[in-house]
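The block underneath contains the structure these notes are about, expressed in structure tokens.
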């Protein structure tokens, strides 16, 4: 059981990393902008939902988790197919906790940088 919990928290790290990078970071801005446009303007509901998948870190993390569970064979609590389902939901939850913590930290850092820049500008004006 301890090994499973260890793997749960470790395996959620790359899931969170991939989901956040694809849906939030500048590296994938152009494809994401295209997906955002398609998710709003596509004529078919299925097409809009498919493209929305690449704009939402929570939604995308489910699919990253599915690939991770298939690739690693990670099961949680039960040794049969139900262990895969439990592992999938648990991994999504932990990965999204990681992403929320990261977003909160980034927001705090951005706020501090903005405040410092304003203080520096005020000092230069004096």
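Here are a few things to note about the model shown:
- Listed options for P(r) over Cα pairs in 5 Å bins from 0, in percent are (1) 2, 11, 15, 15, 14, 13, 10, 8, 5, 3, 2, 1, 0, 0; (2) 2, 9, 16, 18, 17, 13, 10, 7, 5, 2, 1, 0; (3) 2, 12, 23, 25, 20, 12, 6, 1. The value calculated from this structure is the one marked (1).
- Angle between the chain longest axis and helix 29-41 axis [Cα atoms, degrees, rounded to 10]: 70
- For 50, 91, order by how many other beta-carbon atoms lie within 10 Å, fewest first: 50, 91
- Per-pair calculated FRET efficiency, R0 = 35 Å: residue 86 and residue 109 via Cβ, rounded to 0.05: 0.50
- Each Cα pair under 8 Å and six or more residues apart adds its sequence gap; the mean of these over the residue count of the range 2-99 is a relative contact order of 36 percent.
- For the pair residue 78 and residue 3 in one chain, pulling the backbone fully straight at 0.36 nm per residue adds 25.7 nm over the alpha carbon distance.
- For the chain, calculated [θ]222 nm from helices alone, where every DSSP H run of n ≥ 4 adds -39500 (n - 2.57): -29000 deg cm²/dmol
- With Cα atoms, 0 to 90° folded angle of helix 81-125 axis to the chain main axis: 10
Coordinate-derived values only; no laboratory data. Computed from a prediction, not measured in an experiment: that's the story for all the values here. So basically every Cβ, Gly included, is an ideal-geometry build from the backbone, and we count neighbours across all protein chains shown.
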